[in-house]
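Presented below is the structure to which this report refers.
The values are calculated or read from the model by the stated rules, or taken from the named source; none is laboratory data. Not measured: the values here are computed from a predicted model. Cβ atoms come from the backbone with ideal geometry, glycine included; neighbour counts cover every protein chain shown. To get the accessible areas, we keep the full protein, side chains included, count just its heavy atoms, and leave off ligands, DNA and RNA. Shrake-Rupley method; radii C 1.70, N 1.55, O 1.52, S 1.80 Å.
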Amino acid sequence: MKPRLGILLSGRGSNFEAIAQNVLSGNLDCEIGFVFSNKPNAPGLARAREFGLPCGSIPSAGIERTLFDSQVADLLIDHGVNWVCLAGYMRFLSGQFVSQFSNRILNIHPSLLPAFPGLDAQYQALTHGVKITGCTVHFVNEDLDSGPILLQSAVPVLDNDTVESLSARILVEEHRIYSEAIAWMLRGNYRIEGRRVIQT
Ligand code: GAR
């Protein structure tokens, strides 16, 4: 049976769509088992419906984090999901969820971590004045944007960049390296040594 990805998103879903295109074209040898959003109106969820993928949403308002995450985990497990990809999922995951999918959750972040974790990473890079930023795919642990790193790609910051222009160039790299990292993870030829992900 092919590996089954669960994709978690909160908004636009362009990273989800790039992954979905690679699954459909056979570049990624896996299935998308479920697409979940904490936002019922997320455009990414509408795209998942158009792709005919199993998808759904649980609004998070008023639900305690651990309880909410256990409902999400149940939904994923019911759909046979064994790998989780966060694709613009703007929620901090509970420790319980992380340990349920231990070392099987990936996230994409629009900076060269450990620089500029958290929200508005492109704005942070621009206002800090760095000359190079980029994106990072990393395993998810219990701390924010800080698990072992699989892949990174550097993007130069230009003098005339705005948050929008910089974000757009980073996004091109996000779409490329996320599927590359998923393919690597699914091949399984790596080991995690401390914070380092080493090719085997
Ligand atoms: C992407 O730039 C992703 O790296 C970022 O949200 C955007 C989602 O775009 N994620 C984070 O900042 C996580 N800390 P998308 O919905 O079009 O994939």
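With the simple model of a label 7 Å out from the Cα in the direction of the Cβ, LEU158 to VAL130 spans 1.9 nm. Within segment 72-117, the percentage of alpha carbon pairs spaced more than 15 angstrom apart rounds to 50%. Axis angle, to the nearest 10 degrees, between helix 14-24 and the longest C-alpha principal axis of the chain: 60 degrees. Given +1 at the Cβ of Lys and Arg, -1 at the Cβ of Asp and Glu and no other charges, the dipole of segment 86-198 around its Cα centre is 440 debye to the nearest 20. Per residue, the convex hull spanned by the alpha carbons of the chain comes to 122 Å³. Taken about its Cα centre, the chain carries a charge dipole of roughly 300 debye when the Cβ of each Lys and Arg holds +1 and the Cβ of each Asp and Glu holds -1. The peptide list 22-31, 170-179, 91-100, put in order of mean Cβ contacts within 10 Å with the highest first, becomes 170-179, 91-100, 22-31.
Ranking ILE77, ASN15, SER153 by Cα position along the charge dipole of the chain, where only Lys, Arg, Asp and Glu carry charges on their C-beta atoms, puts ILE77 farthest toward the positive end.
Under the criterion of Cα pairs below 8 Å and six or more residues apart, the relative contact order for segment 102-200 equals 26 percent. Kirkwood Rh over Cα pairs of segment 9-75 into Stokes-Einstein at 37 °C, 0.692 mPa s: D in µm²/s? Calculated translational D: 261 µm²/s.
The modelled label-to-label distance between ALA46 and ARG91, using points 7 Å beyond Cα along the C-beta direction, is 2.1 nm.
Highest mean packing comes first when the peptides 8-15, 161-168 are listed by Cβ atoms within 10 Å, giving 8-15, 161-168. Excluding ligands, DNA and RNA, the accessible surface per residue across segment 1-107 is 45 Å² with a 1.4 Å probe. Between 0 and 90 degrees, the angle of helix 65-78 with respect to the longest Cα principal axis of the chain falls at about 60 degrees. Count Lys and Arg as plus one, Asp and Glu as minus one, and take only other residues whose Cβ is under 11 Å from that of PHE92; the net charge is then -2. Normalised by the number of residues in the chain, the average gap of Cα pairs under 8 Å and 6 or more apart makes the relative contact order 19 percent. One chain, two ends: SER99 and GLU193. Fully extended at 0.36 nm per residue, the span grows by 32.1 nm beyond their Cα-Cα distance. Counting only Cβ charges, +1 for Lys and Arg and -1 for Asp and Glu, the dipole size of segment 11-127 around its Cα centre is about 220 debye.
Of the solvent-accessible surface of the chain, computed with a 1.4 Å probe over protein heavy atoms with every protein chain present, carbon and sulfur atoms account for 53 percent. Each of ASP74 and ASP143 was given a label point 7 Å from its Cα along the Cα-to-Cβ line. The distance between the two points is 3.3 nm.
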